Structures are given as C-alpha cells and as structure tokens.
Amino acid sequence: MKAFNLEKALAGEKVVTRDGQEVTQVTLFNPVEDGCESIGALIDGRILVFYKDGSYMKGGEAAMDLFMTPKKLSGFINTYSDLPPTLHLSKLDADCWSKNRTACVDLSQLEEGHGL
C-alpha cells in the first residue's frame, strides 16, 4: 500500500483505508488543548478522527489506517533473454517489437507500488 500523504489527501488525491474502504473527504482539524493536530475522514457517511500520519490508533496497525489510493498503470513491457526490457504504450506497438520476446506484461493489470 502507498503511504498516506496529508498534503496530497487535502489536495484531493484519493484515499482508502487499509481494508479498502473509500474515503470521500479528508479535513485537517485545528489543534486541540494538547496542541496535537488531527484529521477527520468521511468514510461511509461517518466522520472518523485520525492522527496526521493517517494512523487510526497509535502503537499498531488498524484496518482503518489511511493510505493513498494506488494509481493504475498503463502500457506493456516486453522482456527478452538477451536485451533490456522495453516499454510500449500500446499492445500493437509491443507486438511489432515481439521478435525474440520472452514475455509481454500488460501493466493495466497492476497498480503503482506493485512489483513485477
């Protein structure tokens, strides 16, 4: 999962919880008595309070921890046994360069942050 980024979340980038729930709004709350800032997140019609780093509770992982929604990838990668991999924007282009190719990976099946 992609680490929570408060600036990006406040700018409108999509956020999800660790268990995959969509966050529809993120708001930074003013500091309270202890001077600690917190954020509110609207999830399934409920406002929940989080720490600025996106954690729901300190000291451990929780299903409600916040993460940035990974972006879908696009394109195709040809791999070869004797050449470096090549990136192509379309399947047609990848197929035109398929001589001696060992595999063609469709990146649209993957999200940012997932390894091959």
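The values are calculated or read from the model by the stated rules, or taken from the named source; none is laboratory data. On a predicted model such as this, the values are computed, not experimentally measured, just so you know. Positions of Cβ are backbone-derived with ideal geometry, glycine not excepted, and every protein chain shown enters the neighbour counts.
Structure values in brief
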item: Count of residues meeting criterion [assigned to a strand (DSSP E or B) and either farther than 28 Å from MET1 by Cα or not acidic (Asp, Glu) (or both)] in the stretch 66-116; result: 17
item: Residue in the stretch 70-84 that is under 21 Å from LEU10 (Cβ atoms) and touching a residue at least 12 places away in the same chain (Cβ under 8 Å) present; result: yes
item: Near pairs, Cβ below 9 angstrom, 6+ apart or cross-chain, from the stretch 9-27 (farther than 18 Å from GLU112 by Cβ) to any residue that is charged (D, E, K, R) and at pLDDT below 95; result: GLN21/ASP44; THR24/ASP44
item: Matching residues, the stretch 32-41, being over 18 Å from the mean Cα position of the chain (by Cα) and either modelled with pLDDT of 95 or more or within 24 Å of LYS71 (Cα to Cα) (or both); result: ILE39, GLY40
item: Whichever residue in the stretch 5-31 is basic (Lys, Arg) and part of a loop (DSSP other than H, G, I, E, B) and, among such residues, is nearest to the chain's Cα centre (by Cα); result: LYS14
item: Hits in the stretch 71-102 (condition: surrounded by fewer than 14 Cβ atoms within 10 Å (Cβ to Cβ) and within 26 Å of the chain's Cα centre (by Cα)); result: LYS71, LYS72, SER74, PRO85, LEU87, LEU89, SER90, LYS91
